[in-house]
Structure formats: C-alpha cells, structure tokens
Amino acid sequence: MRDHGNTWATPLFFSPHARGVDLAVEAGTKYLSGHSDLLLGLVSANAAWFPRLRATVDALAVPPGPEDVYLALRGMRTMELRLREAERQALALAHWLQGRAEVRRVIHPALPDHPGHAIWKRDFTGSSGLFSIVLQPTSDSAVAAMLDGLELFGMGYSWGGFESLVVPFDCTNCRTATSWTPGGPTLRFSVGLEDIEDLKEDLDRGFARLRAAAGRA
C-alpha cells in the first residue's frame, strides 16, 4: 500500500490518486477550512482501496458532526481563491527573504535552488503558503526578540488559515529519512491573506530587533 499526506498541497495542487497513491490523508483543519475554527481530518482512497476504507470507517470511525461538515464546505467554497493568493504571497515573501542578510537559506520547493524543485515542478500544479527559512547563526534570545516584536505574524502551529503565522522549530531529532543540519535557527512561516507589504514591514521590524539583540549578546 502507498499512502500520502496531502495537507500542504491540498487536492487543488496535487492529485495523489492520479500519481499512484492508494490512500491520501489530509487535515481539513487547515486549507480546506481556512478559518482556524475547525478540527477535522479526511482520508480518500483509489478504486482498489475504497471498499476496505469504507468498511473500516463504518466499523471504527466517529463521523463528524453537521457543524463541522458545514464549516468544511464553507471553506472549500473559497479554497481556490485563498490558496492561490497564499501561494502568490508566500513566493513573493520567500524571494524577499532570500535577499535579507539575516537569512541563510529559504526552504521553499517552488524556488529553483530547492533540492526538491524538480519533483515539485513535475508533480504539483502549485504551492501553498507554508515554507521555512534558516537564519544566520545567532542566539536563541535574539530569535525570541525578533518573534516577540512581530505584530501581524501570530505564533501558532495550526497553519493554513487566513492569518499569517510563524513558529521556531528544530527537526534535528525528529527526522528519520534524512539528517537535518540547518546551520542556524529555523523558522516556519504560514503566509496568509494580509497585505504583502505590511508583512514585509512586520518582518523588517523583527529583523531590526534580532540584530539589536544579537549585538547585545
């Protein structure tokens, strides 16, 4: 069996079953909902696996309530518009971050220098608003000063809503397929629907706080 998690791309930007995937898992909490007010997951299957999936659901699953389904359907009505805009804004921000002296590396599969770019270009029809950056080596206190000073970017893990989020993370001990040696602190961004220039200004203020804190360390 081949399974696949499709939350980042959504069915809009990647068709898992057309690529030979048997089961696809997705968090409806994120882009499908788009409003950060729903907790929902979904599983889809190809024709060969659907009978077994349906039997398992009938025997074991707890069906979502009508309000949850309503919120998911509401979000899906605007998903393409939201996701296209999030993609556009995230790419614009990623290119802008590539020119910042504080940034060592931008990790976004739609950028030509990403090691997985060829695979993304072959299999995907778009990208979402989620990507990461690696900062130049600096102290934890400097990163905290940067994040504490942000006003538009909230702090949160459940990405995919209309608001922009940022969170620090370290995958050193959680990766199994490949090693993770970023060479600096890593930040994960989920770019939402705010004005792109406002987001840049917010990060510019954050970088100023980072530089000031690093200078005091």
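Highest mobility in the GNM of the chain, judged by mean-square fluctuation with C-alpha springs under 10 Å and restricted to Pro185, Pro64, Pro16, is found for Pro64.
The mean sequence distance of close C-alpha pairs (under 8 Å, at least 6 residues apart), as a share of the length of region 86-217, puts its relative contact order at 30 percent. Each of Val25, Val166 has some number of other Cβ atoms within 10 Å of its Cβ, and from fewest to most they run Val25, Val166. Projecting the Cα positions of Ser36, Thr56, Asn46 onto the charge dipole of region 3-77 (unit charges on Cβ atoms of Lys, Arg, Asp and Glu, taken about the Cα centre) puts Asn46 furthest along the positive direction. Per-residue ellipticity at 222 nm, computed for the chain from helices alone with -39500 (n - 2.57) per DSSP H run of at least four residues, works out to -12000 deg cm²/dmol.
The charge dipole of the chain, taken about the Cα centre with unit charges on the Cβ atoms of Lys, Arg (+1) and Asp, Glu (-1), comes to about 680 debye, rounded to the nearest 20.
Summarising the strand pairing of region 131-208, around 80 percent of its internal DSSP beta bridges are antiparallel.
In a simple Cβ point-charge model (Lys, Arg +1; Asp, Glu -1; nothing else charged), region 70-146 has a dipole of about 220 debye relative to its Cα centre. In degrees between 0 and 90, to the nearest 10, how far off the longest principal axis of the chain does helix 79-98 point, with axes built from Cα atoms? For 79-98 against the chain, the angle is about 30 degrees.
Under a 5 Å amide H cut-off, with hydrogens placed 1.01 Å from N, Val103 pairs with Gln136 among residues at least 5 apart or on other chains.
Each value in this text was obtained by applying a stated rule to the coordinates, not by laboratory testing. Remember, predicted model here, so these are calculated numbers, not experimental data. As a convention, Cβ positions derive from the backbone with ideal geometry for all residues, glycine included, and neighbour counts pool all protein chains shown.
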